1. Does residue 60 qualify as being in a loop (DSSP other than H, G, I, E, B), in contact with a strand residue (DSSP E or B) (Cβ under 6 Å, 6 or more places away or on another chain), surrounded by 11 or more Cβ atoms within 10 Å (Cβ to Cβ) and at pLDDT 85 or above?
2. Return the total of residues in the range 6-16 being within 15 Å of residue 30 (Cβ to Cβ) and either free of Cβ contacts under 8 Å to residues at least 24 places away in the same chain or not in a loop (DSSP other than H, G, I, E, B) (or both).
Amino acid sequence: MSKEKVVQEVTIKRNLKLECIICKKKLFWTRTTLMNTPGMSFFNLDWANKSAVNYVCDNCGYVHWFLNK
Ligand SMILES: [Zn+2]
């Protein structure tokens, strides 16, 4: 039942190594969160129905959010 999480270094925009802003470690596991919230389209927000990538620091658990383009 438990999906094994993959802990890895994350590179943003080809050459930026993601570093935890809290503890400065560089190992993260990844999950994807859908951003669509009922009613959000009423406000015509472009990102409302997109997904966000969460990089969760394997050390301290801080979640870094990135919107998919
Ligand atoms: Zn951290």
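1. Numbers: in a loop (DSSP other than H, G, I, E, B): yes; in contact with a strand residue (DSSP E or B) (Cβ under 6 Å, 6 or more places away or on another chain): no; surrounded by 11 or more Cβ atoms within 10 Å (Cβ to Cβ): yes; at pLDDT 85 or above: yes.
Against the criterion (in a loop (DSSP other than H, G, I, E, B), in contact with a strand residue (DSSP E or B) (Cβ under 6 Å, 6 or more places away or on another chain), surrounded by 11 or more Cβ atoms within 10 Å (Cβ to Cβ) and at pLDDT 85 or above), residue 60 does not qualify.
2. Taking the range 6-16 first, the residues within 15 Å of residue 30 (Cβ to Cβ) are 6-12.
Keeping just the survivors that are either free of Cβ contacts under 8 Å to residues at least 24 places away in the same chain or not in a loop (DSSP other than H, G, I, E, B) (or both) gives 7-9, 11-12.
Adding up the residues that qualify gives 5.
The values are calculated or read from the model by the stated rules, or taken from the named source; none is laboratory data. In this text the structure is predicted, and so the values were computed from the model without any measurement. With ideal geometry, Cβ positions are generated from the backbone for all residues, glycine too; neighbour counts draw on all protein chains shown.
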